[in-house]
Amino acid sequence: MKASILIVTYNQQDLIGQAIESALSQVTDFDTEIVVADDCSTDRTRSVARGYRDRFPDRVRVLIRDRNLGLMGNLPQAFLECRGDYVACLDGDDYWTAPEKLQRQVDFLDAHPDYSICFHNALMVWDDGSQGPTLHSPPGRRATYCLNELLRHDFISTSAAVVRNHLVRDFPDWYGTLPVPDWPFFVLHAMHGKIGYLDEDWTVYRQHPAGMYCRLANEKRMEQNIGIVRTFRDVLGPEYRPLLTDAIHARCLSLALYYRKRGNKSLAREFARMSIREAGTDGLKSCRAAAKVFAYMHVPALFRLVARCRAVRGASAAESTAGTRAASTRRHGPRA
């Protein structure tokens, strides 16, 4: 079996059909299986999934849980039951928009054996119309990313990724302590190879009241992410500690600025102090961090200026990468 399409679902009776249909619509020159892992839904999700299994018994498998495992239990267990050389992830409330998506990503991984993940952009769409569609894409939109970058930022949308199977066969105990499954899932795979990016929009990432992303307020998501990065720092090797400490420092400062902008002075001060503490105990480094935090907190225009400069550098890097790829294509023809 070349590829498995893993659909993890719970109580998504009105959405799961579109996810499965988008998986069935994939046009490939290899065999695939669609694995629907229903986490003991209390609505008609299981019935809908079984209906597709009955119609497409050679393509659809349904994993039935006799009790609710939660996302942190359902995803890893279902992943280990996938039989393909590659596993394409698809949340039960998302769907794919291009029939060539899976073929293109598998072709990329076939051609690049030193890569463990291939992903692309996702179009975030709010079902209630509260916001317009937003493109979820990685910083710089470069062709290749690495583990260090993924440890700092969660830039891979679950339904946009294909991973090489059999690299991760055991999920560590710390995995189950985290609040979300996807970021650490991709971190575990990125430990085994590079991350390839295709500059395409092939997934719709729904935002709705029942979704994990929409249920949390901005500040709670930011606090949650700080906790996840702290866990990475605690459980990964010492070679990652400086990188992760710097990431926690930056996230605490961002949260301090967030609370300052909203007039919550006490929480702004709390996270500003936390940001300084996270910078380390070295005297000079701590003083520099304190000066930086003081400047950002009291001169908001400085933070905006730095953010704009970083955005310009990122855009320039993306344009440079795109230009290099275009020149290479003109010289050598298209690559996988």
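Descriptive notes on the structure:
- Per-region count, region 140-166, residues over 9 Å from the mean Cα position of the chain (by Cα), among the polar types (S, T, N, Q) and in a helix (DSSP H, G or I): 1
- Evaluated against (1) under 24 Å from Ala23 (Cα atoms); (2) not in a strand (DSSP E or B), His120 falls short on exactly one condition, (2).
- Residue within region 5-22 that is more than 23 Å from the chain's Cα centre (by Cα), of a type in the set (A, V, I, L, M, F, W, C) and closer than 15 Å to Gly92 by Cα present: no
Condition check ((1) part of a helix (DSSP H, G or I); (2) at pLDDT 95 or above) across all residues:
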position: Tyr175; (1), (2): yes, yes
position: Pro184; (1), (2): yes, yes
position: Leu188; (1), (2): yes, yes
position: Ile195; (1), (2): no, yes
position: Asp201; (1), (2): no, yes
position: Glu219; (1), (2): yes, no
position: Met222; (1), (2): yes, no
position: Arg233; (1), (2): yes, yes
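- For Gly132, the conditions (1) modelled with pLDDT of 95 or more; (2) part of a loop (DSSP other than H, G, I, E, B); (3) of a type outside the set (S, T, N, Q) all hold with the exception of (1).
- All of (1) in contact with a helix residue (DSSP H, G or I) (Cβ under 8 Å, 6 or more places away or on another chain); (2) within 23 Å of Val229 (Cα to Cα) hold for Asp199 with one exception: (2).
- Qualifying residue in region 137-147 (condition: free of Cβ contacts under 8 Å to residues at least 12 places away in the same chain, of a type outside the set (S, T, N, Q) and on the phi < 0 side of the Ramachandran plot): no
- Any hit, region 233-246, residues being closer than 25 Å to Leu147 by Cα, in contact (Cβ under 8 Å) with a residue 40 or more places away in the chain and hydroxyl-bearing (Ser, Thr, Tyr): yes
- Residues that are surrounded by fewer than 16 Cβ atoms within 10 Å (Cβ to Cβ) and over 16 Å from Val35 (Cβ atoms) within region 156-178 comprise Leu167, Arg169, Asp170, Pro172, Asp173, Trp174, Gly176, Thr177, listed in sequence order.
- So Tyr240, is it of a type in the set (Ser, Thr, Tyr), surrounded by fewer than 17 Cβ atoms within 10 Å (Cβ to Cβ) and either at pLDDT 95 or above or assigned by TED's automatic domain parsing to the domain that holds Thr158 (or both): yes
The values are calculated or read from the model by the stated rules, or taken from the named source; none is laboratory data. Everything quoted here is computed from the prediction, not taken from an experiment. Note that we place each Cβ from the backbone using ideal geometry, even for glycine, and neighbour counts take in every protein chain shown.
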